[in-house]
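Okay, structure first, notes after.
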Amino acid sequence: MSDMSTRPVAAHAFAVATRCASALVAGLLSSYAHSQTMNPVVVTATRTATTIDRALADVTVIDAQAIRDAGAAGLPELLRSAGGVEISQTGGAGSVSGLFVRGTRNSQSIVLVDGIRIESPLGGGGIPEHLPLSAIDRIEVVRGPASALYGSGAIGGVVQVFTRQADADGWWPYASVGFGSQRTRQLQVGFRAAREGTRVALSLARESTGGFESTPPGSPDYQADRDGHRQHSFTAALAHRLAAHWEAGASALVNDGRVDYDDAFSTAATARQAYRSSAFSAWLRGRPLEGWQTELRAGNTSIDYSYRAFTFAPRTDSRTIAWQNSVAAWGGRLLFGLESLVQAIDGDGVTRGGAFLYARDRRATDSVFGGYEHGWGGHTLRATLRRDRIESVGSETTGALAWGWRVAPQWLLRASYGTAFRAPTFDDLYNPFSPNPALRPEKSRGYEFALERHAAAGLLRATAFSSRIDEAIELDAFYTARNLAHARVRGLALEARQTIGAWTLHGGATLQHTEGVHVDPLGGARTGTELARRAPRYGVAGVDYRQGPWRVGVEAIAQARRFDTLGQRMGGYLFVDGRAAYRIDRDWELFARIGNLGDRDYETAAGYRSPPRSLFVGVRYAAR
């Protein structure tokens, strides 16, 4: 894609996002004054259930309907369009993906599944491409430093996915089947059931696609083939009420598959990765005394994969035990808890089977955290503090302070300050080809100021943010992890949603400046460069229509030009997705989704094409 062709696209994308945001803001300001407050309940921002206007954080909730509307798209694409984050992908479904939250890179944010951290200890990050949407009931995205609650890695934010659970008495089966271009197929069956204090949920899904050619001719990684993907997933949940105020439960997610890819070190016949990801957790929660809520949770997540072309088959585990408590005290609420995390790596090419092996295969983290929240008049103040002791790395203390002032029934003014850190990963420190055992942990401090309006008919949010990451870890031209002097991110995020009759307008835009500062070790000269794969502008704007049995939506997604790790320029882009659904009766629904309607050719990782125009149609059954 030439520079001349991408400049007008990027400029047009930003202009569209700006106009849409302005129109939505005007619509929100003119909405009727007696709207009731819209307060979905979230848990990720505070580790306890609270309404979104009391979270005092930049939170987005992606509900079950938005997940169903995503069709054949994956979790990374959904987070880009609905979660306000940037992504990178080396191809289509199942390909290596990265999340960039608030200008930070993939390993500087964490992913949770039902409260348990899921990530590869090798490179960090939650590998979102391996988490199937068919298993997910709801997603919460918290942007901003969150190490004071979640520890290492939560510099940019936290993404938590919640698997399907039963929530109403009765028997509720569901199923869906869909077909699409590029030989895409999806099948899902499951049920939810609840009776006399026992809740059960079970789901099975199969997805496959023939894919497309993910690299262009002339690329050093080019292979003349289609890069397909296939996966199977299983989810289950069980909960039982033991007494009036006590409940125990467990959940499981298992997903395995294989994905084809292109690279210069394989052939079209051998460029294939097989993978399995899993998340298991069990919990007990209750109320020992009036005003005291306690929860004990234990879980294990793993991300394992292997390659046909060469001997490298990592087996990774992250085992967590956490005990947290929320107590009404001193006119407010006190939070305190303990957490233990043990991460381990094993497998061919990692701890055995070759001359180049990792120098370390296990690391334990022990943590204690606490916080206090107090409200008076229209004000709320929350303080949190956490201490992490990480084996072979050292100890880190992080904290956060947040204040909110309800200046009017629907308007909230808030400000926050937080520190965060990230310990170097196994790949950063010990990978056998370009290790850097002298790496130091990244440490950040961030500020946030926001004005929000929550109403029954809409949402308006403007958030100014700034963060500085000292000792930021970035890859150099030889793909060796190095500490920079620091990295800095400053920006403004706008989000709006307004319902007018059968129509709903929604949009979001982020304007940011990212910079990594390098210091010459000999002369001391300081140079600043943009951080890789992070754009100065990105956003989304859309409109939905619901009338009778019909539900129709269209969405435009845009990102300005960026640079990749080795300085390759990636042009800006703007593309449009569309979707439609028709309810045949109370339980049956036909649906369709068209992706990249204009068949735009664009990149989110240098040298890799993004999905071309695609059509996906199907039928869905859900007992109501």
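The values are calculated or read from the model by the stated rules, or taken from the named source; none is laboratory data. The structure presented is a predicted model; accordingly, all values stated were derived computationally and were not measured. Note: ideal-geometry Cβ built from the backbone for every residue, glycine included; neighbour counts use all protein chains shown. Only protein heavy atoms, including side chains, enter the accessible area calculation; ligands, DNA and RNA are left aside. Shrake-Rupley method; radii C 1.70, N 1.55, O 1.52, S 1.80 Å.
Using heavy-atom solvent-accessible surface (probe 1.4 Å) with all chains present, what is the largest-first order of 546, 445?
Values: 546 130, 445 90 Å².
Putting 546, 445 in descending order of accessible area: 546, 445.
Report the percentage of all Cα-Cα pairs in the stretch 56-193 whose separation exceeds 17 Å, rounded to a whole percent. Show your work: numbers first, answer last.
Values: 5738 of 9453 pairs.
For the stretch 56-193, the fraction of Cα-Cα distances above 17 Å is 61 percent.
Give me the percent relative contact order of the chain, please, defined on Cα pairs under 8 angstrom at least 6 residues apart.
Working: 1787 pairs, mean separation 85.9, N = 624.
Contact order relative to length: 14 percent.
Taking just the alpha carbons, could you work out the radius of gyration and Dmax for the stretch 519-624, both in angstroms?
Calculated on Cα positions, Rg and Dmax stand at 20.8, 73 Å.
Quick check: with the 1.4 Å probe, what order do 86, 196, 391 take by accessible area, largest first?
Working: 86 5, 196 145, 391 65 Å².
Ranking 86, 196, 391 by accessible area, largest first, yields 196, 391, 86.
Give me the Å³ per residue figure for the convex hull around the C-alpha atoms of the stretch 355-503.
On the way: hull volume 25.7 nm³, N = 149.
Residue-normalised Cα hull volume stands at 172 Å³.
What does the C-alpha gyration tensor say about the overall shape of the chain? Classify as rounded when a/c is under 1.5, otherwise prolate if a/b is larger than b/c, or oblate.
Values: a/c = 1.18, a/b = 1.08, b/c = 1.10.
Rounded, since a/c falls under 1.5.
Relative contact order of the stretch 369-444: what whole-number percent is it, with Cα pairs under 8 angstrom and at least 6 residues apart? Mind showing how you got there, number by number?
Values: 126 pairs, mean separation 15.4, N = 76.
Relative CO of the stretch 369-444 lands at 20 percent.
Excluding ligands and nucleic acids, what accessible area in Å² is computed for residue 608 using a 1.4 Å probe, to the nearest 10?
Near enough 40 Å² of accessible area.
At 7 Å along Cα-to-Cβ for each site, give me the label-to-label distance between residue 545 and residue 51 in nm.
With each label point 7 Å from Cα toward Cβ, the separation is 3.4 nm.
Using label points projected 7 Å from each Cα along Cα→Cβ, tell me how many nm separate residue 312 and residue 515, to one decimal.
If labels sit at residue 312 and residue 515, their model points lie 3.5 nm apart.
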